[in-house]
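Read-outs throughout are calculated quantities, based only on the coordinates presented, and are distinct from any laboratory measurement. Everything numeric here is computed off the predicted structure, so don't read it as measured data. Backbone-built Cβ (ideal geometry, glycine too); neighbour counts: all protein chains shown.
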Amino acid sequence: MFLLSLAAALLIQTSTPASLDAQLRRIIASSGAEVAVAYRTLDGKTELFIDGDKPFHAASTMKVAIMIELFRQARDRKLSLDDTLPIRNEFRSIVDGSPYQLSEGDDSDTLVYAAVGKSMTLRQLCDLMITVSSNFAANLLIERLGVENIRRTVSALGADGMQVLRGVEDQKAFDKGMNNTTTARGLLVLLDRIAHGTAVDASADAAMIEILKRQKFSDAIPAGLPTGIGVAHKTGNITRIHHDAAVVFAARPYVLVLLVRGIEDQKKSGAVMADLSRAVYEATAR
């Protein structure tokens, strides 16, 4: 069994296109940024990693893990996606339990803030967390699901490179370096699982793909693809951090994760990721 596994691993390694690796490294070098790449075709025959196990601040890519745990608990009948949740803007720091609030001006969403004092369904919160990357929705869902449950599920799926410690904008935790982190490989594992219907189950994973396809931010991986190529993806960005992680439904579908650190202007980091995405697509299409 070990020899068969080793042979399979070597087959994947030898099928990695060396010319693509060199091309991606040239784009990365010219960008002046730290960039991690994880790429795998869904048929499992080709994969490529560049600094695939280097940790980065996860930014909003960790919301993929939250979504998986939400659907897992729904499958296990611990909750229903149509359950409602009171909307209140008060959370507790993981450092000392002190309260903090989120700022609408620092978020990419207004709908959850407009619902303070009312209720929204878990389904609605999940959709906003992914499609417009609502931090408010993410924090509410983490509180409802339990961060320890999210971590256990991520680990069970084999994506230990993703470490979810807390909700968003916990300044005391940030100041102490207690941040959510991810590797390109960790994100690839989660998206590869979703694409194959093994993150939760076939029905839940198909629903998650549809949510990811409704992502509103398309300046990175989708920007490097021809019009009409389906992309199910999640972005993430904070100061000098810009990520995108996607399932690309090309003729030969694949997962691509790009993590970028060190570029201030997100138009520039987006352009770098679009160039990398284009190179991967063209190599896969050959």
**Asked** Given the C-alpha centroids of the range 25-75 and the range 260-286, what is the distance between them in whole angstrom?
**Response** 13
**Request:** Compare the peptides 96-104, 172-180 by average per-residue count of other Cβ atoms within 10 angstrom and give them in order, highest first.
**Result:** 172-180, 96-104
**Request:** Report the far tail of the P(r) of the chain, meaning the percent of Cα-Cα pairs longer than 23 Å.
**Result:** 52
**Item:** Acute angle (nearest 10 degrees) that the helix 18-31 long axis makes with the longest principal axis of the chain, alpha-carbon atoms
**Value:** 50
**Prompt:** Which angle from 0 to 90°, rounded to the nearest 10, does the C-alpha axis of helix 63-75 make with the longest principal axis of the chain?
**Reply:** 70
**Item:** the range 125-139 - phi-based ³J(HN,Hα) in whole Hz, Karplus 6.51/-1.76/1.60, Gly and Pro as x
**Value:** 5, 5, 4, 5, 4, 8, 6, 10, 6, 5, 5, 4, 4, 4, 5
**Message:** Explain nothing, just the number: relative contact order of the range 101-168, from Cα pairs under 8 Å at least 6 residues apart, as a whole percent.
**Reply:** 29
**Request:** Sort 159-166, 124-131 for me by packing, meaning the mean count of neighbouring Cβ atoms within 10 Å per residue, highest on top.
**Result:** 124-131, 159-166
**Message:** Rounding to the nearest 10 and keeping the result within 0 to 90°, find how far the Cα-based axis of helix 147-156 lies from the longest principal axis of the chain.
**Reply:** 20
**Message:** Can you compute 3J(HN,Hα) from phi for each residue in the range 94-99, using the Karplus curve 6.51 cos²θ - 1.76 cosθ + 1.60 with θ = phi - 60°, rounded to whole Hz and x for Gly and Pro?
**Reply:** 6, 6, 9, x, 6, x
**Asked** Over the chain, what is the relative contact order in whole percent, taking alpha-carbon pairs under 8 Å and six or more residues apart?
**Response** 23
**Prompt:** So what is the calculated 222 nm ellipticity per residue for the chain, using -39500 (n - 2.57) for each DSSP H run with n of 4 or more, over all residues, to the nearest 500 deg cm²/dmol?
**Reply:** -13500 deg cm²/dmol
